[in-house]
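*Asks:* Got a structure for you, questions after.
The values are calculated or read from the model by the stated rules, or taken from the named source; none is laboratory data. All values derive from a computational prediction rather than experimental measurement. For neighbour counting, all protein chains shown are included, and Cβ atoms are generated from backbone atoms with ideal geometry for every residue, glycine included.
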Protein chains: 2
Amino acid sequence: MATDDRGESLAEVGEFTVIERLVAGRRQPDAVTLGPGDDAAVLRSSDGQTVVSTDMLVAGRHFRLDWSTPHDVGRKSIAQNAADIEAMGARATGFVVAFGAPADTPAAQALALADGMWHEAAALGAGIIGGDLVSAPLWVISVTALGDLDGRHPVRRSGARPGDTVAVIGELGRSAAGYALWDNWVDGFDELRRRHLVPEPPYGQGRAAADAGATAMTDVSDGLVADLAHIADGSGVGIGLRTEALSADRDALAAAAAAVGADPMAWILGGGEDHALVATFPGAPPTGWTPIGRVLDGPPRVLVDDAAWQGNPGWQSFD
Amino acid sequence: MATDDRGESLAEVGEFTVIERLVAGRRQPDAVTLGPGDDAAVLRSSDGQTVVSTDMLVAGRHFRLDWSTPHDVGRKSIAQNAADIEAMGARATGFVVAFGAPADTPAAQALALADGMWHEAAALGAGIIGGDLVSAPLWVISVTALGDLDGRHPVRRSGARPGDTVAVIGELGRSAAGYALWDNWVDGFDELRRRHLVPEPPYGQGRAAADAGATAMTDVSDGLVADLAHIADGSGVGIGLRTEALSADRDALAAAAAAVGADPMAWILGGGEDHALVATFPGAPPTGWTPIGRVLDGPPRVLVDDAAWQGNPGWQSFD
């Protein structure tokens, strides 16, 4: 295999040496009883329960290597899994990662991917505790996130009750805006373009919501209305949103929306991948959360300003 | 997308309906506090520790859909991950699974894959507790296994001491034999050909080894000599094997080896993917384990009948 100016390939360096480089010098959190290098890792939980979620990211489908650096892809893959742990009211403690890539992939790119993963995990106080490295015809990244409830009850999608306040924390519509900017070759709006590549979930707020008595919660991965529909279905309730409560997001997106001829509210209500948190509360939401609506008596549905939502029905894997 | 006689595709059925079908009617073990259907699952451990390991399987690389049924692939993907949990002296309790496949994949194949996974998980008393289903240009399956040590110390690769007995349980060379039979279009030897598609790890024997005081253990995934080299390196010891102790495996493989013109001992020492367990014991190995050698003073190396092994150095991801 030819060496090029991108440096040595995975095949040239070899699986075991690449893994040594990926693992060297990383600092594991205290909860990790046994880190990478054996048949399995061992992770301690504070209350005997482990929260677990998994996501697969496929090149060309969930990320593009002509838009994102490997470091960006690493951060995104951890962030979106960590958001699922947050959405249960837990904190992420460890991640295991499987990475498939062509044999001629520069080893330096694998290391940059791992650096991005560690960057994001460290922000959570978590570690990459194990993994697998295999040959595949394109980049495929599979992350499993493990989390600790610290004695809390998990906040499910099924507990919303009529009269609860619906509230959100984290910004909405940024990833969809960034995608539209990238896709339309519109320059500028660097922060929005960046947010499409690397989401910024509101780490720690899932626990805050659980402590404030949240009855249901999810992260906004498919789209705000689509994800609230999961809560509506799971809880057997209606949910009514007020777009006036989302004016801060609308204002922040107005200029970018004008630049690509889009409706910012379509991004806010229909765009996913921001991994904001949305939850329902019988009482007041915690500080920093924005009330955006109310839980209604059934049937399960999401109303936007008292009407059925006609926009993007949300991400579907096989569309 | 055209419908063909293979039935409805994943795209036609739709992600959420496929997931409903995959999850319907499955019975989760008691350790699963919260199963599939929310942002994350919750799994209870008996001692506050969770063992975790992950493997990715890529079509054409780790399985072939012209050799294996989807049910076979499901069983294999769970079995090889469960073997990693066994190799720590633990028992598998739950698995999360990410599955990437083309949009035109028959939904019935995804269901058969899940049935195979559940078949294997149920044999362990474990469940498939969560997952992800995404679009990918080829089949990619990523499994993360979670296990319970039940208060045991994990058996690592680093504890072997000179004088320990090296012992194995589970059959060796079967997967390599089966591969050679498939690859050479040799009919017959159905059991061997089947064992290449679906390994049969010796479930429960990892715990038996831990209880018998095993000082080091691993599963045979890359090849017996290659995997023992990991113990030798991890423990800073030499390992000496006696091929006469492997005569039962050699006899079982003799006819197939003759049919393809191979050396059965090359399969036994160099073939991986059988997921037998090999461990070192200061005292007698448990019932059913076969002593095959002894731990020697350093330097780290594996000797076969007192000589360096000249055969297959073991599976490498990017060869």
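*Asks:* Yes or no: region A:283-292 includes at least one residue that is within 10 Å of A:L172 (Cα to Cα), in the same structural domain as A:D219 (by TED's automatic domain parsing) and either surrounded by 23 or more Cβ atoms within 10 Å (Cβ to Cβ) or aliphatic (A, V, I, L, M) (or both). So that I can check it myself, show each step before the final result.
*Replies:* Step one: filter region A:283-292 for residues within 10 Å of A:L172 (Cα to Cα), giving none.
No, the conditions are met nowhere in region A:283-292.
*Asks:* For region A:98-110, give me each residue that is assigned to a strand (DSSP E or B) and more than 7 Å from chain B (Cβ to nearest Cβ).
*Replies:* Of the residues in region A:98-110, the ones assigned to a strand (DSSP E or B) are A:98-101, A:106.
The answer is A:F99, A:A101, A:P106.
*Asks:* Do you know which residues across region A:190-206 are in contact with a strand residue (DSSP E or B) (Cβ under 8 Å, 6 or more places away or on another chain) and over 13 Å from A:D219 (Cβ atoms)?
*Replies:* A:L197, A:G204
*Asks:* Show me the strands (runs of 3 or more DSSP E) entirely contained within region B:111-211 in which 3 or more residues are more than 17 Å from the chain's Cα centre (by Cα).
*Replies:* B:127-135, B:165-169
*Asks:* Which residue, of B:I19, B:I78, is touching a His at 6+ places or on another chain (Cβ under 9 Å), of a type in the set (V, I, T) and outside the structural domain of B:R193 (by TED's automatic domain parsing)?
*Replies:* Within the list B:I19, B:I78, the selection yields B:I78.
*Asks:* Looking at (1) at the interface with chain B (Cβ under 10 Å from one of its Cβ atoms); (2) in a loop (DSSP other than H, G, I, E, B); (3) touching a Phe, Trp or Tyr at 6+ places or on another chain (Cβ under 9 Å), which one does A:A83 not meet, given that it meets all the others?
*Replies:* (2)
*Asks:* Now a separate question. Pull out all pairs, ordered by first then second residue, where Cβ-Cβ is under 6 Å, the residues are six or more apart or on different chains, the first lies in region B:153-172 and is under 22 Å from B:D274 (Cα atoms), and the second is part of a loop (DSSP other than H, G, I, E, B) and among the charged types (D, E, K, R).
*Replies:* Pairs found: B:R156/A:D38; B:R157/A:D38; B:L172/B:D274.
*Asks:* Tally time: how many residues in region B:61-80 are part of a helix (DSSP H, G or I) and touching a strand residue (DSSP E or B) at 6+ places or on another chain (Cβ under 7 Å)? Let's see the steps before the verdict.
*Replies:* Going through region B:61-80, the residues part of a helix (DSSP H, G or I) turn out to be B:70-80.
When the remaining residues are screened for being touching a strand residue (DSSP E or B) at 6+ places or on another chain (Cβ under 7 Å), the result is B:73, B:76-78, B:80.
Count: 5.
*Asks:* State the number of residues belonging to region B:235-286 that are part of a strand (DSSP E or B) and within 21 Å of the chain's Cα centre (by Cα).
*Replies:* Summing the residues that are part of a strand (DSSP E or B) and within 21 Å of the chain's Cα centre (by Cα) in region B:235-286 gives 4.
*Asks:* Considering only residues that are within 23 Å of B:D164 (Cβ to Cβ) and of a type in the set (A, V, I, L, M), which ones fall in region B:266-281?
*Replies:* B:I268, B:L269, B:A276, B:L277, B:V278, B:A279
*Asks:* Here is a list: A:G270, A:G261. Which entry is in the same structural domain as A:W185 (by TED's automatic domain parsing) and either farther than 30 Å from B:D104 by Cβ or crowded, with 24+ Cβ neighbours inside 10 Å (or both)?
*Replies:* Of the residues listed, the single one that is in the same structural domain as A:W185 (by TED's automatic domain parsing) and either farther than 30 Å from B:D104 by Cβ or crowded, with 24+ Cβ neighbours inside 10 Å (or both) is A:G261.
*Asks:* Considering only region A:174-189, how many residues are touching a residue at least 12 places away in the same chain (Cβ under 8 Å) and on the phi < 0 side of the Ramachandran plot?
*Replies:* 11
*Asks:* Within region A:188-197, is even one residue surrounded by fewer than 21 Cβ atoms within 10 Å (Cβ to Cβ) and among the acidic types (D, E)?
*Replies:* Looking through region A:188-197, at least one residue is surrounded by fewer than 21 Cβ atoms within 10 Å (Cβ to Cβ) and among the acidic types (D, E).
*Asks:* Next question. Could you please find all residues in region A:22-59 being surrounded by 15 or more Cβ atoms within 10 Å (Cβ to Cβ), basic (K, R) and more than 8 Å from every other protein chain (Cβ to nearest Cβ)? Walk me through how you get there before you give the answer.
*Replies:* Narrowing region A:22-59 to residues surrounded by 15 or more Cβ atoms within 10 Å (Cβ to Cβ): A:22-23, A:26, A:28-29, A:31-45, A:48-59.
So of that shortlist, the ones also basic (K, R) come out as A:26, A:44.
Within region A:22-59, A:R26 is the sole residue that qualifies.
*Asks:* Turning to a different aspect of this structure: Can we say B:A40 is at pLDDT 95 or above, under 24 Å from A:M217 (Cα atoms) and not β-branched (V, I, T)?
*Replies:* yes
*Asks:* Report yes if some residue within region A:74-88 is surrounded by fewer than 24 Cβ atoms within 10 Å (Cβ to Cβ), at pLDDT 95 or above and touching a Lys or Arg at 6+ places or on another chain (Cβ under 9 Å); otherwise report no.
*Replies:* No, region A:74-88 contains no residue that is surrounded by fewer than 24 Cβ atoms within 10 Å (Cβ to Cβ), at pLDDT 95 or above and touching a Lys or Arg at 6+ places or on another chain (Cβ under 9 Å).
*Asks:* Do we have any residue at all in region B:208-215 that's modelled with pLDDT of 95 or more, surrounded by fewer than 21 Cβ atoms within 10 Å (Cβ to Cβ), away from chain A (no Cβ under 14 Å) and under 30 Å from A:V52 (Cα atoms)?
*Replies:* Yes, the conditions are met somewhere in region B:208-215.
*Asks:* Moving on to the next point. Does region A:82-100 contain at least one residue that is within 30 Å of A:D187 (Cβ to Cβ) and in contact with a Leu (Cβ under 9 Å, 6 or more places away or on another chain)?
*Replies:* Yes, there is a match, as at least one residue in region A:82-100 is within 30 Å of A:D187 (Cβ to Cβ) and in contact with a Leu (Cβ under 9 Å, 6 or more places away or on another chain).
*Asks:* I'd like the full set of residues that are more than 8 Å from every other protein chain (Cβ to nearest Cβ) and within 20 Å of A:D132 (Cβ to Cβ), limited to region B:61-71.
*Replies:* Those that are more than 8 Å from every other protein chain (Cβ to nearest Cβ) and within 20 Å of A:D132 (Cβ to Cβ): B:F63, B:R64, B:S68.
*Asks:* Looking at (1) in contact with a helix residue (DSSP H, G or I) (Cβ under 7 Å, 6 or more places away or on another chain); (2) more than 14 Å from every other protein chain (Cβ to nearest Cβ); (3) surrounded by 24 or more Cβ atoms within 10 Å (Cβ to Cβ), can you tell me which one B:L181 breaks?
*Replies:* (3)
*Asks:* Residues being surrounded by fewer than 24 Cβ atoms within 10 Å (Cβ to Cβ) and either among the β-branched types (V, I, T) or not assigned by TED's automatic domain parsing to the domain that holds A:V42 (or both): count how many of those fall in region A:128-147.
*Replies:* 1
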